[in-house]
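Read through the structure below, which is laid out as structure tokens, and then see the notes.
The values are calculated or read from the model by the stated rules, or taken from the named source; none is laboratory data. Note that the coordinates shown come from a computational prediction; the quantities given were computed from them, not determined experimentally. Using ideal geometry, Cβ is built from the backbone for each residue, glycine included, and neighbour counts are taken over all protein chains shown. Surface accessibility is based on the protein's heavy atoms, side chains included, excluding ligands, DNA and RNA. Shrake-Rupley method; radii C 1.70, N 1.55, O 1.52, S 1.80 Å.
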Amino acid sequence: MMILGGLPRSGITLLASLLNKDANIYVTTTSPFVEILYRSHSMWDDPIYHGEFDTDNMRNARIPFLRGVTKEYYKQLTTKKFVIDKRRQWQNVANIEMYRAVYGELPKIICPIRSVPEIITSYKTLYAKNKREWNYEELKDNKFEASYFDLADGYKKYPDCFLFVEYDDLVDDTLNTLERVYKFMDLTMPQQELGDIESEENEGAFPLQGLHTLRSTISRDNVRPKDVLTATELSRFSNMKFWETGHVFQ
């Protein structure tokens, strides 16, 4: 199992659709599995269940059980050889360490990223299309801020786990960018026919319509941050680029 994380509005859905063209790769829709694994994994350490789990048999069963759950979970979703679980929460340090504890190695996490002013511009545009009043406070959980800070912390502690995929590279130099992704996964990229772009599987319902809508061809929107963001927003979000500066805020 490999991971597709990254920042929202940065091409995650596009990259998933391109990888799903491979007959050997299955990329999930936004997946609950990290939460399923966390809840199961944490029960062994929960004082409430100390008596039930504090036996030699139960302690020894922990990792085989969790690996078995993993295998059976994905078996219900696909018969493809390689699975990429799509969920940004995997880039949280605690979840990276849980992955290592369960599977005996650090995860490979593919992370589309993008200029943060462009991300916020994309969100503001989407709010307008949904006829919703813009409210940045709503992005302070996993919609944006938590993903940003989790990624910054995860990368700082476990840099070798991550492959950053710039949105501009994915859109403007798609095949070479895919080659980088395949190399990171230690897989051989098949002949790629980019063709029409479509999702292999529909995402679940989300409050904002259009969050996972793909254009039929690989292209970018023409909305510029300076035409959408206030001067204060431009100044604030332009400093959020830890992957370039090494700091969460410049």
* Phi to ³J(HN,Hα) by Karplus 6.51 cos²θ - 1.76 cosθ + 1.60 over the stretch 75-80, Hz, x for Gly, Pro -> 4, 6, 9, 7, 9, 5
* Asked: Which entries in the list LYS86/LYS143; LYS131/LYS241; LYS80/LYS156; LYS156/LYS241; LYS108/LYS183; LYS81/LYS157 go over 23 Å, if you measure between the two C-alpha atoms of each?
  -> LYS131/LYS241; LYS80/LYS156; LYS81/LYS157
* Along each principal axis, Cα extent of the chain, largest first, Å -> 63, 42, 35
* Asked: Along the charge dipole of the stretch 110-176, Cβ charges K/R +1 and D/E -1, which of TYR148, CYS161, ALA128 sits furthest on the positive end?
  -> ALA128
* **Surface per residue (accessible, 1.4 Å probe) for the stretch 9-147, Å²** => 49 Å²
* Each residue of the stretch 5-12 in turn: what ³J(HN,Hα) in whole Hz from Karplus with 6.51, -1.76, 1.60 and θ = phi - 60°, glycine and Pro shown as x? -> x, x, 10, x, 6, 10, x, 4
* In terms of the Cα gyration tensor, with a ≥ b ≥ c the square roots of its eigenvalues, is the stretch 98-204 rounded because a/c is under 1.5, prolate because a/b exceeds b/c, or oblate? -> oblate
* Give the long-range amide H neighbours of ILE84: residues separated by 5 or more places, or on another chain, with amide H under 5 Å away, using H modelled in the peptide plane at 1.01 Å from N. => MET2, TYR26, VAL27, THR28
* Asked: Round to a whole number: what % of the accessible area of the chain belongs to carbon and sulfur, probe 1.4 Å?
  -> 48 percent
* **Structure-based [θ]222 nm, the chain - -39500 (n - 2.57) summed over DSSP H runs of at least 4, per residue, nearest 500** => -13500 deg cm²/dmol
